[in-house]
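Here is the structure we will look at.
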Amino acid sequence: MGSLRSSSSPSSSSALKWLGFVTAVWVQAISGNNYTFSNYSDALKSLMNLTQLQLNNLSVAKDVGKAFGILAGLASDRLPTPLILLIGSLEGLLGYGVQWLVVSRRIQPLSYWQMCVFLCMGGNSTTWMNTAVLVTCIRNFRRNRGPVSGILKGYVGLSTAIFTDLCSALFSEDPASFLVLLALVPLAVCLTAVFFLREIPPASSADEESEETRYFAVFNVVAVVVAVYLQAYDLIGIKTGVYSIIFASILLVLLASPLALPFYSFVHSSNQRKRVEEDIEGRIDEPLLGPEIVEEKETGAAAAEDDKLPTSILKQATAEENQRTTATTEDVVVKKRPVLGEDHTIIEAMLTVDFWVLFFSFLCGVGTGLAVMNNMGQIGLALGYTDVSMFVSMTSIWGFFGRILSGTVSEYFLKKAGTPRPLWNAASQIIMAVGYILMALAMPGSLYIGSMVVGVCYGVRLAITVPTASELFGLKYYGLIYNILVLNLPLGSFLFSGLLAGLLYDAEATPTPGGGNTCVGPHCYRLIFIVMAFACIVGVGLDILLSFRTKDIYAKIHSSKKARKSGGNLS
């Protein structure tokens, strides 16, 4: 009976692990609300009579909320995943709920600093959701970190398009209705995830790892279908009437479709268990020990009885020697600093050069990308576009492709050739710099190309850095290390969006009656794009340096994966 209980656990455990991953995908699909500021920023600007610098500092306030993600990182090692999800969703309800009250004019506009506080709360809410999801799933699927990061971060990228297109379809892009979605939908999704998302033992064999790879391929296909569907909706342009209801219904079905995988996993594991039980029942009458084994056992017992006294003395001496060896070993371990690939505390990680190279290269990529996303509304208006929601959505969708493809591709080349992940960051930074130069030139269609390029490269940057940090500094304190790296989001937003974009835009803008200002023409953001292109070039150098410094650890990871695969094939 004990063996039957243990054999039945893998089927439910595997199904629960995949069901948890599905709910994690849903959480990520709604936790990118921090990138949607452009969809309602113009309403705040006109309602509160803000200059562009003041508006950009509001966007910085929401990103500063991510700086307090350190709290979520500390909590990830002390609180259960469901509680972390609840904290994030309730904080988001309050932060975005108050913004809705202001934009819908149900209350008088709050003071500037009060709005900063509630924007900060909305931004911080996502750090709790992201930490709960990423830490749990990376630990559950530690042998497929690239695909896990790519899929989860990909859905974060898609979440902006999901929210934008749903609001456009159902509420005709009304900013107040959009904020209602940002407040209520994450709460509902997180309340669902708290029942299923938890840590479960990872794959323990090459066969299980191979099965995970196949399942992740299905998740990738579904995600690509969702992204293409959203992009097609943007390009068709029919966003009213019955078409909108049909669009929203199909989108919800697509997002729910991954539920088929946990069900399949449960059925598949149950069938395997039944076959094992049938084999056991077929051999139930066979003696557990052959006559030869019984005879050897009896002989061995007799010999042990004869040598009872010397054996006990020998065991005691051996135990004492082991104690001395263990004590000596522990003394050595205490004094030894962990090397790359081993578990680091946050202090140990921050004492390494590699951590700061990763930190500042991350800043060059995500800081400039955030500046574009926060200012996309004003960039579009400056270049003569009246409807900028398409560019917001395009940045989100192409960010998804960057995240999901880089996660899978980097994992493939790591397993095949031991290619360091930071090399992919370097490649993305080069392309990102080219995108900024194109937008600075303001040629016809350059904003379309720039939106796609920035989206893709920003997505690569996020998806690659997540597994890289876990591979270099370990998983034991990963939640806190990840949130220290995420400090680049508020820091980059402040430097590139709040200061650079805000000050240079205001220098080119014309004041408007009653407060505020406006700027129309390619010159409004030209110098901003040139400076950000230079920052990306600096990031390229840092990524290449990190690739060189970490080539040995990635060679070891490659050898380990290759050996495990060979062992699995032999078995």
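The values are calculated or read from the model by the stated rules, or taken from the named source; none is laboratory data. All of these numbers come straight from a predicted model, not from anything done at the bench. Don't worry about glycine lacking a Cβ; one is built from the backbone with ideal geometry, like all the others, and counts go over all protein chains shown. Remember, those area values only see protein heavy atoms, side chains included, never the ligands or the DNA or RNA. Shrake-Rupley method; radii C 1.70, N 1.55, O 1.52, S 1.80 Å.
Across the stretch 469-516, the qualifying residues are those that are without any contact (Cβ under 8 Å) to a residue 12 or more places away in the chain and either in contact with a Cys (Cβ under 8 Å, 6 or more places away or on another chain) or not in a helix (DSSP H, G or I) (or both), and the one among them that is least open to solvent (accessible area, probe 1.4 Å) is T512. Only one entry in K66, K153, K62 is under 25 Å from A227 (Cα atoms), at pLDDT below 85 and either in contact with a Leu (Cβ under 9 Å, 6 or more places away or on another chain) or among the charged types (D, E, K, R) (or both), namely K153. Within the stretch 36-93, the set of residues being among the acidic types (D, E), touching a Ser or Thr at 6+ places or on another chain (Cβ under 9 Å) and open to solvent by 30 Å² or more (accessible area, probe 1.4 Å) comprises just one member, E91. Checked against (1) closer than 15 Å to V25 by Cα; (2) open to solvent by less than 10 Å² (accessible area, probe 1.4 Å); (3) hydroxyl-bearing (S, T, Y), S168 meets all criteria but (1).
Tallying residues that are open to solvent by less than 10 Å² (accessible area, probe 1.4 Å) and either over 24 Å from L381 (Cβ atoms) or basic (K, R) (or both) within the stretch 419-441 yields 7. Check whether at least one residue in the stretch 551-560 is open to solvent by less than 30 Å² (accessible area, probe 1.4 Å), among the β-branched types (V, I, T) and modelled with pLDDT under 95, and report yes or no. Yes, the stretch 551-560 contains at least one residue that is open to solvent by less than 30 Å² (accessible area, probe 1.4 Å), among the β-branched types (V, I, T) and modelled with pLDDT under 95.
Quick check on the stretch 161-181. Is at least one of its residues assigned to a helix (DSSP H, G or I), closer than 29 Å to G474 by Cα and either in contact with a helix residue (DSSP H, G or I) (Cβ under 9 Å, 6 or more places away or on another chain) or in contact (Cβ under 8 Å) with a residue 60 or more places away in the chain (or both)?
no
Taking (1) surrounded by fewer than 24 Cβ atoms within 10 Å (Cβ to Cβ); (2) part of a helix (DSSP H, G or I); (3) not aromatic (F, W, Y) in turn, G399 satisfies each apart from (1). Taking first residues from the stretch 444-468 that are touching a residue at least 24 places away in the same chain (Cβ under 8 Å) and partners that are open to solvent by 10 Å² or more (accessible area, probe 1.4 Å) and in a loop (DSSP other than H, G, I, E, B), the Cβ contacts under 7 Å between residues at least 6 apart in sequence or on separate chains come to L447/L383.
Let's see how each residue does on (1) at pLDDT below 85; (2) of a type in the set (A, V, I, L, M):
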{"site": "T386", "(1), (2)": "yes, no"}
{"site": "M394", "(1), (2)": "yes, yes"}
{"site": "S410", "(1), (2)": "no, no"}
{"site": "P444", "(1), (2)": "yes, no"}
{"site": "M452", "(1), (2)": "no, yes"}
{"site": "V456", "(1), (2)": "no, yes"}
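Of the listed requirements (1) over 13 Å from the mean Cα position of the chain (by Cα); (2) crowded, with 24+ Cβ neighbours inside 10 Å, P109 misses just one: (2).
Looking at the structure I just gave you, is T419 at pLDDT 85 or above and farther than 18 Å from M373 by Cβ?
Values: at pLDDT 85 or above: yes; farther than 18 Å from M373 by Cβ: yes.
Against the criterion (at pLDDT 85 or above and farther than 18 Å from M373 by Cβ), T419 qualifies.
Within the stretch 1-35, the set of residues being at pLDDT below 75, open to solvent by 10 Å² or more (accessible area, probe 1.4 Å) and not hydroxyl-bearing (S, T, Y) comprises M1, G2, L4, R5, P10.
On the basis of being in contact with a Gly (Cβ under 9 Å, 6 or more places away or on another chain), open to solvent by 10 Å² or more (accessible area, probe 1.4 Å) and closer than 28 Å to L472 by Cα, does R145 make the cut?
Details: in contact with a Gly (Cβ under 9 Å, 6 or more places away or on another chain): yes; open to solvent by 10 Å² or more (accessible area, probe 1.4 Å): yes; closer than 28 Å to L472 by Cα: yes.
Spelling it out, R145 is indeed in contact with a Gly (Cβ under 9 Å, 6 or more places away or on another chain), open to solvent by 10 Å² or more (accessible area, probe 1.4 Å) and closer than 28 Å to L472 by Cα.
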